[in-house]
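Single-structure report; data block below.
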Ligand SMILES: Cc1cc2nc3c(=O)[nH]c(=O)nc-3n(C[C@H](O)[C@H](O)[C@H](O)COP(=O)(O)OP(=O)(O)OC[C@H]3O[C@@H](n4cnc5c(N)ncnc54)[C@H](O)[C@@H]3O)c2cc1C
């Protein structure tokens, strides 16, 4: 563990600087030998960029940033770090919103963006093999140009966000109501273990086709939600889907919250939506980039409390698409709702739903700071969770409540996301952001929800409250894979 040298700045604006490894210059030279001079940085200005993210989590300076381009380079960096017992933090765009690339114990940030090749697309078996640094913009543009009949599941994250970390973090995307979180799209992967071995898991380990994870022990789970603590994934096979011939977005907007959640549950079971999202009035104003001073923390007269977005598609015929619309209209009618076509709602919404996209309103609002407690839980508790989230927001009138629910696997479970836009230059506001996030995570967990992409304080809460043997089991696996504790140390409190 690299010791802390100093913490600069007041609480809320602090920056932690770690002591350099005693043989800093020798390590620097070895890193340069591995990747070349242009791709190693150890000057404070460059390191600072990788020290923190847009969240309220305390930034820590890394000691080096290195940008490899081949698997062999990654392997050499890992072997060097393991020998010298220096922490390693895998990084693509740092937009995870959980502080997960902050080097909690200093060390080497490994920026994987140069590993951006799409190595293979198998049209018949519907998968792509991609390198670790491929972004959502890369995959979307590549498929649109070269394989226009195929699509991936896209997120509302920035186009510069990494596809591999997103899947490893079990994210939520445009086909999640249909298939589940983005880890469900992983057919297999290649990784460099903390001790330097290159391993493959999934069918690609024993077949020349990366068609899936069966029928083998499913070792993909040794990398998902581990937040880069068990190795560096260098390649991933991801499942693609046929591009639908017809697609559209339907909406309802209402103040009848109970009925809207009943409709959402029933639409899940109807198994017709690719994506089913409930968002509150605060987020609707964020979409149209309305500033916080204008929006405030109370809903404006006349604005609908919530909107339900229903994405539907048909692979083959218009009739198939129209049949889905008919089911939506029938179910909505049962609860007394009229259904809108999203183009009718306005251009701002149309633009923002064209994924992958930049959700600019979330950043201009704060300004600059953005964080969340996104939590996964049972759909039976959706309405309770929605009320809990709004109750917590009501105790913090400084912030506009941003709340958003999404259904996975046709209603088998779902996400309740609460987002906070805050002013990063205001230490008091940062401290208050830390308080609301903690309170939100605790209260949502009280009713059965589990924070995902969880920062250290939230994972520690889970381990404290959960089955003690779960924590011991995690520790045992981590120790077996990473005996020198070099991979993103400190995450999960391990
Ligand atoms: C406005 C906004 C909207 C968002 N919307 C969504 C959304 O709709 N759905 C969603 O799921 N997410 C969303 N996100 C979160 C985030 O942007 C995505 O999850 C993103 O894909 C993560 O990729 P990244 O490149 O930022 O990963 P990073 O932050 O660079 O890394 C994330 C984690 O993965 C680890 N890691 C990175 N690469 C590797 C590797 N090769 N091997 C092992 N570990 C690795 C890192 O160490 C870290 O722990 C949103 C974020 C923002 C800011």
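Just so you know, all these numbers are worked out from the coordinates, no wet-lab data involved. All values derive from a computational prediction rather than experimental measurement. Every residue, glycine as well, gets a Cβ built from its backbone with ideal geometry; the counts of neighbours run over all protein chains shown.
Would you please classify the overall shape of region 118-242 from the alpha carbon gyration tensor, given that a ≥ b ≥ c denote the square roots of the eigenvalues, rounded means a/c under 1.5, and beyond that prolate means a/b larger than b/c while oblate covers the rest?
It is prolate, given that a/c is not under 1.5 and a/b is the larger ratio.
With each pseudo-label sitting 7 Å past Cα toward Cβ, what's the residue 298-residue 195 distance in nm, one decimal?
Modelled inter-label distance: 6.3 nm.
Rounded, prolate or oblate, given the Cα gyration tensor of region 131-204, with a/c below 1.5 counting as rounded?
prolate
For region 123-158 and region 288-323, write down the distance between their C-alpha centroids in whole Å.
So the two Cα centres are separated by 26 Å.
To the nearest 10 degrees, how steeply does helix 257-270 sit against the main Cα axis of the chain, on a 0 to 90 scale?
That helix lies at roughly 80 degrees to the long axis.
Tell me the mean residue ellipticity at 222 nm calculated for the chain from its helices only (DSSP H runs of n ≥ 4, each -39500 (n - 2.57), averaged over every residue, nearest 500).
One gets -10000 deg cm²/dmol as the mean residue ellipticity at 222 nm.
What ranking do 371-383, 100-112, 435-447 get when scored by the average of other Cβ atoms within 10 Å per residue, highest first?
Those peptides, ordered most packed to least, come out 100-112, 371-383, 435-447.
Give me 457, 402 ranked fewest to most by other Cβ atoms within 10 Å of their Cβ, as a rough exposure proxy.
Lowest to highest Cβ neighbour count: 457, 402.
Return the FRET efficiency for the residue pair residue 439, residue 119: r is the Cβ-Cβ distance, R0 is 51 Å, and the value is rounded to the nearest 0.05.
Values: r = 45 Å, r/R0 = 0.88.
The calculated FRET efficiency here is 0.70.
Compute the acute angle (0 to 90°) between the alpha-carbon long axis of helix 71-84 and the principal axis of greatest extent of the alpha-carbon atoms of the chain; round to the nearest 10°.
60
So, by mean Cβ neighbours within 10 angstrom, what's the order for 309-319, 3-13 with the highest one leading?
Per-residue mean Cβ counts within 10 Å order the peptides as 309-319, 3-13.
Express the Stokes-Einstein translational diffusion coefficient of the chain in µm² s⁻¹, to the nearest whole number, given a Kirkwood radius over alpha-carbon pairs, 4 °C and a viscosity of 1.567 mPa s.
Calculated translational D: 55 µm²/s.
For q values of 0.14, 0.24, 0.27 Å⁻¹, compute log₁₀ I(q)/I(0) with the Debye formula on a Cα-only model of region 1-78, without solvent.
Scattering profile of region 1-78, log10 relative to I(0): -0.53, -1.15, -1.28.
Can you tell me the 0 to 90 degree angle between the C-alpha axis of helix 468-481 and the longest principal axis of the chain, rounded to 10?
50
Once you put a point 7 Å from the Cα of residue 5 and another 7 Å from the Cα of residue 470, both along the Cβ direction, what distance in nm separates them?
Taking the two extended label points, one gets 3.9 nm.
Under 4 °C and 1.567 mPa s, how fast does region 369-443 diffuse according to Stokes-Einstein, given a Kirkwood radius computed over C-alpha pairs? Answer in µm²/s, whole number.
102
With an 8 Å cut-off on Cα pairs and a minimum separation of 6 or more residues, tell me the relative contact order of the chain in percent.
In percent, rounded to a whole number, it is 16.
Out of the DSSP beta bridges found with both residues in region 4-113, what percent are antiparallel (nearest 5)?
Numbers: 6 of 15 bridges.
Around 40 percent of the beta bridges assigned by DSSP in region 4-113 are antiparallel ones.
Suppose R0 equals 25 Å. What FRET efficiency, 1/(1 + (r/R0)^6) with r the Cβ-Cβ distance, do residue 330 and residue 390 give to the nearest 0.05?
On the way: r = 30 Å, r/R0 = 1.19.
The formula returns an efficiency of 0.25 here.
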